[in-house]
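Here the structure is laid out as structure tokens; the discussion comes afterwards.
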Amino acid sequence: MKFFTSSRASVIALDVRAGSTYVMTFILAGTAILAVITKLHQPISQSPAFDPPRSSSVETTTKPARLVIPSIKVNAPVEDVGLLSDGSMDAPKGWNDVGWYDLGPRPGETGNAVMAGHLDSYIGAAVFWHLDELKPGDTVSVIDTAGNTHQFRVTSMHSYMTDNPPMQKIFGTATGSHLNLITCDGTWNGALQRYDHRLVVYTDAVR
């Protein structure tokens with residue numbers, strides 16, 4: 001189930017530092033990061049150990065510019081997002097923008113490229129409101145800054161409890177070229193100020 005009220009908004013944020021236990025905590029913080037994952041048993045000041053490899057298959061000067069998903073009428077600008085000072089993945093500043101994790105692979109490179117988007121905003125639906133309507137076989141396209149189009153096909157979709165996301169599967173190394181799309185899912189818990197699930201759509205590159 002998904003719903004919104006004008007008093008809150010949400011987005012996925014993920015800590016991609018390795019070697020720790022993760023607990024997601026969701027907070028209301030304007031248009032900045034609305035969700036963080038608290039890392040247990042490891043000081044946040046340690047250097048990041050999770051460094052997804054880059055491939056030379058795509059020009060290093062290019063980066064994703066737009067995400068297009070025809071079946072759910074998404075045609076969104078892409079923001080570069082990295083890590084916040086606490087080690088969590090930043091969120092796109094625009095409700096209808098998508099954030100590409102720019103410390104990982106670019107879409108089209110070998111590995112798991114990751115994009116996250118808001119489910120809703122203070123005033124209504126946001127860019128990934130209809131993400132849960134995707135079906136295996138649906139096409140996802142990323143247009144980069146050089147004008148190249150990288151096509152992907154949806155393979156599966158999974159909804160995970162907020163305290164148990166498969167970090168390695170989402171962000172870890174891979175032999176193929178994948179694009180993983182993330183947003184919030186499930187039921188909004190007003191007391192905890194968070195959704196109780198996270199939706200991940202997995203896609204494979206079309207060669």
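The values are calculated or read from the model by the stated rules, or taken from the named source; none is laboratory data. In this text the structure is predicted, and so the values were computed from the model without any measurement. Cβ atoms come from the backbone with ideal geometry, glycine included; neighbour counts cover every protein chain shown. Note: accessible area is taken over every heavy atom of the protein model, side chains too, but ligands, DNA and RNA are not part of it. Shrake-Rupley method; radii C 1.70, N 1.55, O 1.52, S 1.80 Å.
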If we scan region 97-113, do we find a residue that is closer than 19 Å to ARG198 by Cα, open to solvent by 30 Å² or more (accessible area, probe 1.4 Å) and of a type in the set (Phe, Trp, Tyr)?
-> no
Hits in region 113-153 - residues which are assigned to a loop (DSSP other than H, G, I, E, B) and in contact with a helix residue (DSSP H, G or I) (Cβ under 9 Å, 6 or more places away or on another chain) = LEU119, PHE128, TRP129, HIS130, LEU134, LYS135, ASP138
Odd one out for LEU103 among (1) closer than 17 Å to VAL201 by Cα; (2) not in a strand (DSSP E or B) = (1)
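Condition test on HIS118, is it farther than 13 Å from ILE69 by Cβ and in contact (Cβ under 8 Å) with a residue 40 or more places away in the chain? Full working, then the answer.
Values: farther than 13 Å from ILE69 by Cβ: yes; in contact (Cβ under 8 Å) with a residue 40 or more places away in the chain: yes.
Yes; evaluated as a whole, the condition is true for this residue.
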Considering each residue of region 163-204, count those that are open to solvent by 30 Å² or more (accessible area, probe 1.4 Å) and among the hydrophobic types (A, V, I, L, M, F, W, C), and give that number.
-> 4
